[in-house]
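Student: To start, I am sharing the structure in question, which I have written as structure tokens.
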Amino acid sequence: MSGTAQRGGTEPAGGPGAAEPGVAPEPGAEPEPGAEPEPGAETGDVEPRGGEPDGGGPDHGDPDGAAWSDADDRTPETLRWLYVKRRAYRNQRNRDLAVSAYAVLLLGVGYGSTLGYRFVQRLEHLVAQGDTAEAVRRALPAVLVLLACGLAVLAARDALWRGPVLVPRHDLAWLLSQPVRRVRVLRPAFRLTAVLAAVGGVLCAVGGAVLLRLTGLAQLGPALALCLPAGLCLPLLATALALHVERGEAAARRVRVLTPYAVLLSVLLAGQAAWAAAGHRSALLETAELWSGPWGWAALPVLHAVGGPAAGWPVALVLLFAVTAVAVAHAFRTVGTIPTWQLRARAATAATVASVLWSAELRAAKLAVAEALADGASGTRRRLPMPRSRRLVVVWRDALALLRAPGRVVSAALWTAAAAGTAGLAVALEGTARIAVLALALALGWFAVGRLAETARLEADDIRRSSWSPFRIAALMVQHAIVPALVGVVLALGAAVPFALHGGGWALLLMPLCVPPFAAAAVLAAVRGPVRTDLLSLGLVTPAGDASVFVFGFWYAVPFLTTVGSLTAGLGLSGALEPGADAAALVRPVTGALGLTAALLFGAVRRAKKLR
């Protein structure tokens, strides 16, 4: 993935600490248009003062390059010179950030106030009904541990392609090659990430305290005081973990290997929370989770605020602060040991993602991140016997692709399990709530089948790849829907078995029936062609602002909205989800799903013929 539009020119190298004559800066080292450099990573934001004692000597330069002695150290004067030279850029950047913050605040107040008011009214209505507050209190231990573990997983995965230390490309190209202490360049970037993470965590803690107050579980003052430790310490611990992953390739490999197990653990914690909300708690399991590490220590003060099981929470609070302080101090000491090649790879990926996001190329951004997340290995070389007929060659290649990338099947299975659990909740509800939850379950099913259709997207990204095929592009893309549909049907049948065992025999038909429309819609989304950025500038002026962005979003989501909306209407309004539904109630969803599949495949054929 190169696709990054670059501009020539870098900072002049004529100041103190510059390279010797004849060594030119790296071309195209300016940040991408629209890509905000990390403010703390800008050495212009480093105070223009003398260097602190951070391990001087010939080995405190670039660990990937030649050593230099203390006599060569030009850190103070180089940073002072850059601080002066970048003053105009910093002022312009700060103005841009102020305008962006004002726009976000305006949107938040304009749209968020109404949504927030309705959410509060709805929440108070739910709390007034029966034992909703008590169910929340029972599920809270597993929910809090789940949130903490999810934060750790997200931070570790983010460190595989971006990381907490993101240095602009022009600093990597010129500044780190000079006799400048690396820690003075890298530490501000880490400090900025840690501060932003802590601020975000504190805001989330405030929001959590308000929710506890609205649900009647705790008073606002005590809830806020006991939520703040978790909101402050957990983001800092996640940032320190991300730095550890960014520093070492061994840690990055362990993250890639352990991610599926972490996702499975998250699913189990979600199931435990639902089970506890239903009244089936395991005190022994909750105690083990709450005292197993920082993820549980942070939850114990919150449980004390709501009157839950939180014996020994002051000890957990002391342990949480101690571990956080040690982790952050160690991160500050070791931030200068990140290899330069790691910094270059992350800066290139971040610049690519930023540039393609400004052009609304979400697919290109996803591919750039996926390439960075890959471990570079060749992968498994599993084989399938070659088909005897050329008509099966597309199916054979798609099946082989899934066999060599089992993570997609595992991901699809997890999405299917989540969809099945949400569908079970929808069956237990009535009226509008059932329709809304059913739509959510179908959306999860869309993501499950979409994980199986990556070969169709790769083929549509560049149709020159289809030169191997004996079929035209339209027929080729239709055949790419076969394997996702077959594998999705198998997963849906497995998810429908618990429903059938509890009297919901309709699930054995309806759940697999939703898979073919999803597969056809995934192929249609793959062949929709280049992004229609012209839709962003239609000039549709409304009292609420320009509506062009909504038109663009609708164009992007047409396959998803069409499929999920049609299936929701067919299943939710036909009575097929009722416990005593007869065969006549199944006719409408069956015919609707088959007709929708045919219409989506027809649209995919039409779109595929227009690809160039």
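Student: Taking region 418-434 on its own, how many of its residues are within 25 Å of residue 266 (Cα to Cα) and either β-branched (Val, Ile, Thr) or touching a strand residue (DSSP E or B) at 6+ places or on another chain (Cβ under 7 Å) (or both)?
Tutor: Qualifying residue count for the region: 2.
Student: Could you tell me whether residue 134 is at pLDDT below 85, of a type in the set (Asp, Glu) and assigned by TED's automatic domain parsing to the domain that holds residue 74?
Tutor: Criteria met by residue 134.
Student: Still on this structure, please answer the following. Hey, does region 430-443 have a residue that's in a helix (DSSP H, G or I), modelled with pLDDT of 90 or more and among the β-branched types (Val, Ile, Thr)?
Tutor: Within region 430-443 (the criterion being in a helix (DSSP H, G or I), modelled with pLDDT of 90 or more and among the β-branched types (Val, Ile, Thr)), the answer is no, since none of the residues qualifies.
Student: Among the residues of region 279-294, write down those that are surrounded by 11 or more Cβ atoms within 10 Å (Cβ to Cβ) and assigned to a loop (DSSP other than H, G, I, E, B).
Tutor: Those that are surrounded by 11 or more Cβ atoms within 10 Å (Cβ to Cβ) and assigned to a loop (DSSP other than H, G, I, E, B): 281, 282, 291, 292, 293.
Student: If you check residue 80 against the conditions, is it more than 30 Å from the chain's Cα centre (by Cα), part of a helix (DSSP H, G or I), surrounded by 14 or more Cβ atoms within 10 Å (Cβ to Cβ) and not hydrophobic (A, V, I, L, M, F, W, C)?
Tutor: On the way: more than 30 Å from the chain's Cα centre (by Cα): yes; part of a helix (DSSP H, G or I): yes; surrounded by 14 or more Cβ atoms within 10 Å (Cβ to Cβ): yes; not hydrophobic (A, V, I, L, M, F, W, C): yes.
When the stated conditions are applied, residue 80 passes them.
Each row is one residue, and each column tells you yes or no for (1) over 24 Å from the mean Cα position of the chain (by Cα); (2) in contact (Cβ under 8 Å) with a residue 24 or more places away in the chain.
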| position | (1), (2) |
| --- | --- |
| 530 | no, no |
| 537 | yes, no |
| 541 | yes, no |
| 548 | yes, no |
| 551 | yes, no |
| 557 | no, no |
| 568 | yes, yes |
| 576 | yes, yes |
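Residues checked against (1) surrounded by fewer than 17 Cβ atoms within 10 Å (Cβ to Cβ); (2) under 24 Å from residue 596 (Cβ atoms); (3) not assigned by TED's automatic domain parsing to the domain that holds residue 587:
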residue	(1), (2), (3)
464	yes, no, no
468	yes, no, no
477	no, yes, no
481	no, yes, no
489	no, yes, no
502	yes, no, no
508	yes, yes, no
511	no, yes, no
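Student: If only one of 427, 437 is closer than 23 Å to residue 516 by Cβ, of a type in the set (Val, Ile, Thr) and out of contact with any helix residue (DSSP H, G or I) (no Cβ under 6 Å at 6 or more places or on another chain), which one is it?
Tutor: Just one listed residue meets the conditions, 427.
Student: Another question about this same structure. With the structure loaded, tell me whether residue 568 is of a type in the set (Ser, Thr, Tyr) and either surrounded by 13 or more Cβ atoms within 10 Å (Cβ to Cβ) or within 24 Å of residue 475 (Cβ to Cβ) (or both) or whether it fails that test.
Tutor: The answer is yes for residue 568.
Student: Return the residues of region 149-173 that are surrounded by fewer than 22 Cβ atoms within 10 Å (Cβ to Cβ) and more than 12 Å from residue 344 (Cα to Cα); say none if nothing qualifies.
Tutor: 149, 150, 151, 152, 153, 154, 157, 158
Student: Further question: Could you say which residue among 129, 178, 121 is surrounded by 19 or more Cβ atoms within 10 Å (Cβ to Cβ) and modelled with pLDDT under 80?
Tutor: Criteria check complete, one pass: 178.
Student: Determine if region 66-79 includes at least one residue that is within 20 Å of residue 185 (Cα to Cα), modelled with pLDDT of 75 or more and among the β-branched types (Val, Ile, Thr).
Tutor: yes
Student: Then there's this: crowded, with 20+ Cβ neighbours inside 10 Å, hydrophobic (A, V, I, L, M, F, W, C) and out of contact with any Gly (no Cβ under 9 Å at 6 or more places or on another chain): does that describe residue 456?
Tutor: Answer is yes for this residue.
Student: Being under 24 Å from the mean Cα position of the chain (by Cα) and in contact (Cβ under 8 Å) with a residue 24 or more places away in the chain is true for just one of 186, 217, 241. Which residue is that?
Tutor: On the way: 186 fails: under 24 Å from the mean Cα position of the chain (by Cα); 217 fails: under 24 Å from the mean Cα position of the chain (by Cα).
None of the other options fit; the residue is 241.
Student: So, one more: With the requirement that a residue be basic (Lys, Arg) and modelled with pLDDT under 75, what does region 340-383 give you?
Tutor: Result: 381, 382.
Student: What pairs come up if the first residue lies in region 273-294 and is of a type outside the set (A, V, I, L, M), the second is modelled with pLDDT of 90 or more and assigned to a helix (DSSP H, G or I), and their beta carbons are under 6 Å apart, counting only those six or more places apart or on different chains?
Tutor: 286/141; 289/145; 289/296; 294/237; 294/320; 294/323
Student: Kindly list, by first and then second residue, each pair from a residue in region 595-610 that is closer than 14 Å to residue 519 by Cβ to a residue that is basic (Lys, Arg) and buried (at least 21 other Cβ atoms within 10 Å of the Cβ), limited to pairs with Cβ atoms under 8 Å and residues at least 6 apart or on different chains.
Tutor: Listed by first residue and then by second, the contacts come to nothing, as the list is empty.
The values are calculated or read from the model by the stated rules, or taken from the named source; none is laboratory data. Since we're looking at a predicted model, the values are computed, not measured. Glycine gets a Cβ as well: all are built from the backbone with ideal geometry, and neighbour counts include every protein chain shown.
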